[in-house]
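One structure below.
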Amino acid sequence: MKFWEKTCCIFQLFLGVFVAKVKSDVSTVGSATTLHCNHSIVNFTMVTWRVKLSNQSSCFLSTRGNGNERNCSHRIDLDLDKERTSLRIHNIVVLDEGNYTCEIVNRTGTFRDTVSLQVLAQPYVA
Ligand SMILES: *[C@@H]1O[C@H](CO)[C@@H](O)[C@H](O)[C@H]1NC(C)=O
Ligand SMILES: *[C@@H]1O[C@H](CO)[C@@H](O)[C@H](O)[C@H]1NC(C)=O
Ligand SMILES: *[C@@H]1O[C@H](CO)[C@@H](O)[C@H](O)[C@H]1NC(C)=O
Ligand SMILES: *[C@@H]1O[C@H](CO)[C@@H](O)[C@H](O)[C@H]1NC(C)=O
Ligand SMILES: *[C@@H]1O[C@H](CO)[C@@H](O)[C@H](O)[C@H]1NC(C)=O
Ligand SMILES: *[C@@H]1O[C@H](CO)[C@@H](O)[C@H](O)[C@H]1NC(C)=O
């Protein structure tokens, strides 16, 4: 009994630390969301968002300022403002669940930040 109690609590502690470490966004099917990158894009060479979906498929969106490349769903847009980049996802579907990583390349190096998107099925309305 004691063993299982301890195992449970150690597991919960681990889970708590894990959840706190990963930035997450919880959105409902059909809604829209914006995922933010925590790094400055000032004087960037290239900005890329890499998407790793929970069904193991992946896609990306990138810009060098003068040209864009992408192969993610058309429901996803890369936004740049003066200092930051974000990703807008429209009309969310269950398969959008996964990890969204921004990657800023500049003269100093490459900087990454990941947001984990969890998708909730729409509550049933009678
Ligand atoms: C490169 O980007 C990082 C992260 O945003 C930033 O801290 C750093 O100042 C940038 N370097 C240059 C030279 O702009
Ligand atoms: C960005 O580039 C401008 C023009 O080259 C420079 O004046 C400025 O200091 C740079 N900013 C950073 C954070 O490196
Ligand atoms: C997302 O990142 C978390 C934490 O690194 C990892 O446990 C999970 O397997 C990743 N999910 C996908 C779909 O890559
Ligand atoms: C995973 O989901 C994406 C997005 O809906 C879809 O395009 C892709 O075919 C799926 N991949 C697999 C391996 O099922
Ligand atoms: C997008 O391109 C990347 C890199 O070429 C590839 O690994 C990935 O499978 C592609 N994804 C889709 C949905 O076409
Ligand atoms: C951005 O997030 C990453 C982890 O995803 C972290 O290592 C980094 O220190 C953060 N940067 C800033 C400027 O908050």
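The values are calculated or read from the model by the stated rules, or taken from the named source; none is laboratory data. Quantities reported herein were computed from a predicted structural model and do not represent experimental measurements. When we count neighbours, we look across all protein chains shown, and the Cβ atoms used for this are built from the backbone with ideal geometry, even at glycine. Note: accessible area is taken over every heavy atom of the protein model, side chains too, but ligands, DNA and RNA are not part of it. Shrake-Rupley method; radii C 1.70, N 1.55, O 1.52, S 1.80 Å.
Among all positions in the range 89-108, there is at least one residue which is without any contact (Cβ under 8 Å) to a residue 40 or more places away in the chain and away from ligand 4 (no atom under 16 Å from the Cβ).
For the range 80-118, filtered to residues that are of a type in the set (S, T, N, Q) and not in a strand (DSSP E or B), the residue that is farthest from ligand 2 (Cβ to nearest atom) is Asn91. Kindly check whether there is at least one residue in the range 76-86 that is within 16 Å of ligand 1 (Cβ to nearest atom), within 11 Å of the chain's Cα centre (by Cα) and surrounded by 13 or more Cβ atoms within 10 Å (Cβ to Cβ). Among the residues of the range 76-86, at least one is within 16 Å of ligand 1 (Cβ to nearest atom), within 11 Å of the chain's Cα centre (by Cα) and surrounded by 13 or more Cβ atoms within 10 Å (Cβ to Cβ), which makes the answer yes.
Once the range 23-54 is narrowed to residues that are part of a strand (DSSP E or B), of a type outside the set (S, T, N, Q) and over 14 Å from the mean Cα position of the chain (by Cα), the residue that is surrounded by the fewest Cβ atoms within 10 Å (Cβ to Cβ) is Met46.
Is it the case, given these coordinates, that Cys72 is in contact (Cβ under 8 Å) with a residue 24 or more places away in the chain and either within 16 Å of ligand 1 (Cβ to nearest atom) or under 14 Å from the mean Cα position of the chain (by Cα) (or both)? No.
Between Arg70, Arg50, the distinction of being away from ligand 3 (no atom under 12 Å from the Cβ), among the basic types (Lys, Arg) and modelled with pLDDT of 95 or more belongs to Arg70 only. Can you name the residue in the range 55-71 that is farther than 14 Å from Cys102 by Cα and not in a strand (DSSP E or B) and is also least open to solvent (accessible area, probe 1.4 Å) among such residues? Among those residues, the one meeting the criterion is Gly67. Residues that are away from ligand 5 (no atom under 16 Å from the Cβ), at pLDDT 95 or above and under 25 Å from Ala121 (Cβ atoms) occur in the range 17-25; there is at least one.
Determine if the range 51-67 includes at least one residue that is among the small types (Gly, Ala, Ser), touching a Phe, Trp or Tyr at 6+ places or on another chain (Cβ under 9 Å) and on the phi > 0 side of the Ramachandran plot.
So the first thing to find is which residues in the range 51-67 are among the small types (Gly, Ala, Ser), and the list is 54, 57-58, 62, 65, 67.
If we keep only those that are touching a Phe, Trp or Tyr at 6+ places or on another chain (Cβ under 9 Å) as well, we get 62, 65.
Next, from what is left, pick out any that are on the phi > 0 side of the Ramachandran plot: 65.
Yes: the range 51-67 contains one or more residues that are among the small types (Gly, Ala, Ser), touching a Phe, Trp or Tyr at 6+ places or on another chain (Cβ under 9 Å) and on the phi > 0 side of the Ramachandran plot.
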